[in-house]
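J.: First, the structure itself, so that you have it in front of you.
What follows is calculated from the coordinates using simple rules that are stated; it is not laboratory data. Computed from a predicted model, the values in this text were never measured in an experiment. Heads up, the Cβs are rebuilt from the backbone with ideal geometry, glycines too, and the neighbour counts pull from every protein chain shown.
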Number of protein chains: 4
Amino acid sequence: MPRPVVDKKNLILKAAIKVFARRGFSRARTAVIAREARVAEGTIYNYFKSKDDLILTIFEQTWRDMIRALRAVLQPIHDPIQKMTLVLTTVIDLFESDPQLAEVFLVELRQSGKCFSSQPMAVILEFLDLLEEILKEGIVQGVIRKDINTRIARGFLFGAVESILLGWLLRRTHPELFGKEKPYTLEEAKETLTKLFGTGFFVKPPNR
Amino acid sequence: MPRPVVDKKNLILKAAIKVFARRGFSRARTAVIAREARVAEGTIYNYFKSKDDLILTIFEQTWRDMIRALRAVLQPIHDPIQKMTLVLTTVIDLFESDPQLAEVFLVELRQSGKCFSSQPMAVILEFLDLLEEILKEGIVQGVIRKDINTRIARGFLFGAVESILLGWLLRRTHPELFGKEKPYTLEEAKETLTKLFGTGFFVKPPNR
Amino acid sequence: MPRPVVDKKNLILKAAIKVFARRGFSRARTAVIAREARVAEGTIYNYFKSKDDLILTIFEQTWRDMIRALRAVLQPIHDPIQKMTLVLTTVIDLFESDPQLAEVFLVELRQSGKCFSSQPMAVILEFLDLLEEILKEGIVQGVIRKDINTRIARGFLFGAVESILLGWLLRRTHPELFGKEKPYTLEEAKETLTKLFGTGFFVKPPNR
Amino acid sequence: MPRPVVDKKNLILKAAIKVFARRGFSRARTAVIAREARVAEGTIYNYFKSKDDLILTIFEQTWRDMIRALRAVLQPIHDPIQKMTLVLTTVIDLFESDPQLAEVFLVELRQSGKCFSSQPMAVILEFLDLLEEILKEGIVQGVIRKDINTRIARGFLFGAVESILLGWLLRRTHPELFGKEKPYTLEEAKETLTKLFGTGFFVKPPNR
DNA sequence: AATGAATGAGTATTCATTCAT
DNA sequence: TATGAATGAATACTCATTCAT
């Protein structure tokens, strides 16, 4: 009855995040991931189907965990505005706290050629659904304007968050691209997002 | 007077767009691009440094042309709101008119591993600068609220456009991902964008 | 009295024959053999040194059993012609009764890279010796011509049997290779073998 | 207009025969074949689909050449007995003159897992057809007995030749397998073959 | 400029075998 | 004996790029 003393699957996942962030997806070698995880190369394939499966699992698992956690936290809140703010800032905070994970999600994942296949899209859609639910609640409660297509609007919110994170990340990793531009903090970005989200989506702007 | 009877560089570029859209960047073979362009494999390398250079050139050239055209059209217009609307809808219209180009920009480019390197970022930044200029004009003219970081806000606009286009494209290419969702038109998306942009950014929302 | 309830070694051997016949030697997976035998993968290695050892053991054991059985049956017979006929038809009958075994011997064994090594050759040589003994008896008794090299002649007989069986097997497994050829039965083949073995191809043999 | 100064395809084929004979098919490395042929590894794949294709081509081409040459030589001969003798001895002589080729055909080919697929079988069948034609001519002319199934008989002849060659080859490459056995020459083997082919094993053949 | 045969660096994955339990 | 998770050696093949013509 051989007992896994340690959770090898997790070990490999952690190692993969590190290596993907360091070298990029396509330049990351499975041999290096194995060494970093202190397992044999073949062991990776006891837990994952392929290198693609590895990055897709990282993606999916992180989002699923986040969505589950969000739903729990959202439960007792009733104000849709507060809910939306919580969701958006939570996502940003997660990636701020783990820039390697952010790198993998925003940059490296796209190299895998699978990033728009059904597996990862399913979880993204789940997140988009969460956003849309909140928008709809807001409409019902009369705090969100009702003359918008929520399916489209949820995409804007997602796009805005991506844009914030990607801008922040690239300024960290490739500052030379931005010349002497004064950088901004994620705190500022969240504020701006909240303002624009708020006054963009709120009912009763001047004369509507 | 040895004028090239045909513009081979352009021939290659067109062929590349077709093949990238059909097979994806990494699965696209330079040999196939050459065949499609009816040139020898080596000829590609008389005009382009590498396969990466090929997709990056497509990217850059398209954006530069678009930015140049936009600046020309924008010249006589003074209303920043009108300007911004024109910019955003023009971008959307371009990709709507050439879905293969959209595929290459939104999906395939990301596989190249160079998509966040200085060459393509420079032109994106140029576009972002254009957006920011308009925002600043709007602030000066008092029609855009001034309590926002324009550097951050321009990113939202860009992210929103990307999100619209990617959603539209994926619904075309992978409808199965979206189940029975009722699709939306780009026309609807532009309307929603204008509404949210407008009432989000305008001065004099309720009590500010 | 810890008697194994079942003979695992034999279980594994039977499973291996099945899998080798189904997938071919090199495409046969030890994991599949283990599953088929309802033992753990490692258990195979309690009984066999390697995958090669497995197929070689099948080969060797089958021949050894056959040779032992043949010697017993041959004992009371004195006519060399009768003996030879018995030997050849017995071999053919064995494989006819177990086509999977035939597949393994005639086709799969050859993939192992060990099929001409000393272990399996030893048993083949033992069979060839048996054939040669009979030929020599025939010569002594004056019923087999004495102007032939028995070492060479025994090879012919073995080759003829192989050719019969291989032809029969391939017509079963790959009928498409033979087009519309009318197949033949092993019964016919045995008859032809007996005729040609006895008196050759020529009409009116010259004067020996 | 790049001109191949040397026939690379042939160079590769020759190198492959050498390496297959030296190391065996499965232990032969494509890198070594390339080095031996003084071409790049990739060049092999400009001429051959795979490593399997390489050995299959060697097999097929040699047999096709032999069959073509045989048909030419056979043309003016009318005596079926003479024809058959010529065919069998020609095959034996070819392999005697090129033991590496013999090694590849009799031993290494079998490791490829493709040796009974349609491509190589087709050419073997062509050779078997040649043998059968001769047998049938002999029957028509009344020199070959007509009470045999020629389809089966041709297999015996092929099997006999294989057995001669394999015995001869193994005695060269693995003499230890045969203990102190006095070896025989291919000359002796051909004689024995001719005798047994003609008149069989029996002394004083009965009355047919 | 054009050609296309030649190049060769580069690696994910398999699976027979082991060994701690 | 039995287990099965862990191991890691081993390698054919691709394809972007070059360069002699």
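J.: What is the distance in Å between the Cα centres of region A:128-197 and region D:151-208?
T.: Each part's Cα centre sits 86 Å from the other's.
J.: Let me ask another. Between C:R27 and B:H174, what is the label-point separation in nm under the 7 Å Cα-to-beta-carbon projection?
T.: Placing both labels 7 Å beyond Cα along the Cβ direction yields 3.2 nm.
J.: A further question follows. Stretch A:T90-A:K49 to full length: gain in nm at 0.36 nm per residue minus the Cα-Cα span?
T.: Net length gain for the segment: 11.7 nm.
J.: Can you give the local net charge around A:E126? Use residues other than it whose beta-carbon is closer than 13 angstrom to its beta-carbon, Lys and Arg +1, Asp and Glu -1.
T.: -1
J.: To the nearest Å, what is the center-to-center distance of region D:47-63 and region A:93-115, using C-alpha atoms only?
T.: Distance between centres, Cα-based: 47 Å.
J.: Taking the Cα centre as origin and putting +1 on Lys and Arg beta-carbons and -1 on Asp and Glu beta-carbons, what dipole magnitude results for region A:63-208, to the nearest 20 debye?
T.: 480
J.: In what order do B:V143, C:V6, D:V39 fall by count of nearby beta-carbon atoms within 10 Å, going from fewest to most?
T.: So the ranking, lowest neighbour count to highest, is C:V6, B:V143, D:V39.
J.: Inter-copy label distances at B:Q119, 7 Å along the Cα→beta-carbon direction, one decimal in nm, shortest first?
T.: Spacings between copies for this position, smallest first, are 3.1, 4.0, 5.8 nm.
J.: Hey, got the average number of other protein chain Cβ atoms within 10 angstrom for residues in C:23-32?
T.: Per residue, the number of nearby Cβ atoms from other chains is 1 on average.
J.: I'd like to verify something in chain C: which complete DSSP H helices, judged by Cα projection on the helix axis, reach 15 Å or more and average at least 0.5 on the Kyte-Doolittle scale?
T.: Answer set is C:80-97, C:118-141, C:150-173.
J.: Same structure, new question: Students often forget the sequence filter, so: which aspartates and glutamates lie under 14 Å Cα-Cα from A:K18 once same-chain residues fewer than 8 apart are removed?
T.: Filter leaves A:E36, A:D98, A:E103, A:E108.
J.: With an 8 Å cut-off on Cα pairs and a minimum separation of 6 or more residues, tell me the relative contact order of region D:65-185 in percent.
T.: Once normalised by length, the contact order is 27 percent.
J.: As I understand it, the dipole of region D:59-208 uses +1 on the Cβ of Lys and Arg and -1 on the Cβ of Asp and Glu, about the Cα centre. Which of D:I152, D:Q111, D:Q82 lies farthest toward its positive end?
T.: So the residue we want is D:I152.
J.: Order by neighbour count: C:S163, A:S118, fewest other Cβ atoms within 10 Å first, most last.
T.: Ranking C:S163, A:S118 by Cβ neighbours within 10 Å, fewest first, gives A:S118, C:S163.
J.: Can you give the three extents of the C-alpha atoms in chain D along their principal axes, from longest to shortest, in whole Å?
T.: 68, 48, 27
J.: Please arrange C:M66, C:M84 by counting, for each residue, the other beta carbons lying within 10 Å of its beta carbon, fewest first.
T.: By the 10 Å Cβ count, ascending: C:M66, C:M84.
J.: Could you point to the residue in C:Y45, C:A16, C:V6 farthest towards the positive end of region C:1-48's charge dipole, with +1 and -1 charges on the Cβ of Lys/Arg and Asp/Glu respectively?
T.: C:A16
J.: Count, for each residue of D:160-170, the Cβ atoms from other chains sitting within 10 Å of its Cβ, then give me the mean as a whole number.
T.: Average neighbour count from other chains, rounded to a whole number: 5.
J.: What average count of beta carbons from other chains do you get within 10 Å of the Cβ of residues in D:125-132?
T.: Mean shielding count: 1.
J.: Taking only C-alpha pairs under 8 Å that are 6+ residues apart, what is the relative contact order of chain A in percent?
T.: 21
J.: Suppose every K and R has +1 on its Cβ and every D and E has -1 on its Cβ; what is the size of the dipole of the protein assembly as shown about the Cα centre, in Debye to the nearest 20?
T.: About 560 debye.
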